[in-house]
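Read the structure below first, then the notes.
All of the numbers you see were taken from the coordinates with simple rules; none came from a lab. Keep in mind that what you see is a predicted model, and the values were worked out from it rather than measured. Because the Cβ atoms are built from the backbone with ideal geometry, glycine has one as well, and the counts that use them run over all protein chains shown.
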Amino acid sequence: MKITFACPECQTQVVIEPTDPTGSLPCPACEGEIAFAPSESVLAQNMVDICPRCEKPSFYIQKDFNQKLGLGIVILFALLGLIFVWMDRPTYFYLSLGAGLGIDFLLYLILPELTVCYACKTAFRNARLNPDHKPFDLHIADHYDGRSQG
Ligand SMILES: [Zn+2]
Ligand SMILES: [Zn+2]
């Protein structure tokens, strides 16, 4: 699996393929030590159970969907549709917009799922999905997100 997280010191995105049970690793950008302890399940079974970064056991599953890209596609097709309006073919505006939404939907269907840690937002790609993990739940997120609670 590929594990993606932000360095706590410099916020650089670090991508790691865990191979051995180290307790920490150096940040490639600032060379600070980052706590990183992949569990037996992560290493041997390619399945997430405990977060290597924060050692919490709560995760959610989501589509690996880039929302900015999705919105960009819809806007692009809407603009394309405006050309049809300009050419006095307003019906095609809706067809074009529909095509943009359709492409978004297809993208969403074919995209893989990733596992995300509620507590530290570390993302796990190419892992076997753990059947205990469910889609995003706001109540669990609230529990871990101390900042929004004040
Ligand atoms: Zn760093
Ligand atoms: Zn975590």
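Classify region 67-109 from the C-alpha gyration tensor, please: rounded if a/c falls under 1.5, else prolate or oblate depending on whether a/b exceeds b/c. Oblate. Which residue, Thr19, Thr115, Thr91, tops the fluctuation ranking in a GNM of the chain built on C-alpha contacts under 10 Å? In the Gaussian network model the winner is Thr91. Here the Kirkwood formula puts the hydrodynamic radius of region 1-106 at 17.3 Å, using every distinct Cα pair.
Let me check against my output: what whole-number percent is the relative contact order of region 67-109, with C-alpha pairs under 8 Å and at least 6 apart?
Numbers: 37 pairs, mean separation 17.7, N = 43.
About 41 percent, as a whole number.
The angle between the Cα long axis of helix 67-86 and the longest principal axis of the Cα atoms of the chain comes to about 10 degrees, rounded to the nearest 10.
Here the contact order of the chain, divided by its residue count and restricted to Cα pairs under 8 Å and six or more residues apart, works out to 25 percent.
Between region 57-130 and region 1-26, how far is it from one alpha carbon centroid to the other, in angstrom? Result: 27 Å between the Cα centres. Please give every one of the lysines within straight-line cross-link reach of Lys121, meaning a C-alpha to C-alpha distance under 18 Å, and leave out same-chain neighbours fewer than 8 residues apart. Once the sequence-local lysines are set aside, what remains near Lys121 is Lys2, Lys56, Lys63, Lys134. Rounded to the nearest 20 debye, the dipole size of the chain about its Cα centre is 460 debye, using +1 on the Cβ of Lys and Arg and -1 on the Cβ of Asp and Glu.
Please determine, in degrees from 0 to 90 and to the nearest 10, the orientation of helix 90-110 with respect to the longest principal axis defined by the Cα atoms of the chain, where the helix direction is its Cα long axis. Roughly 20 degrees, rounded to the nearest 10.
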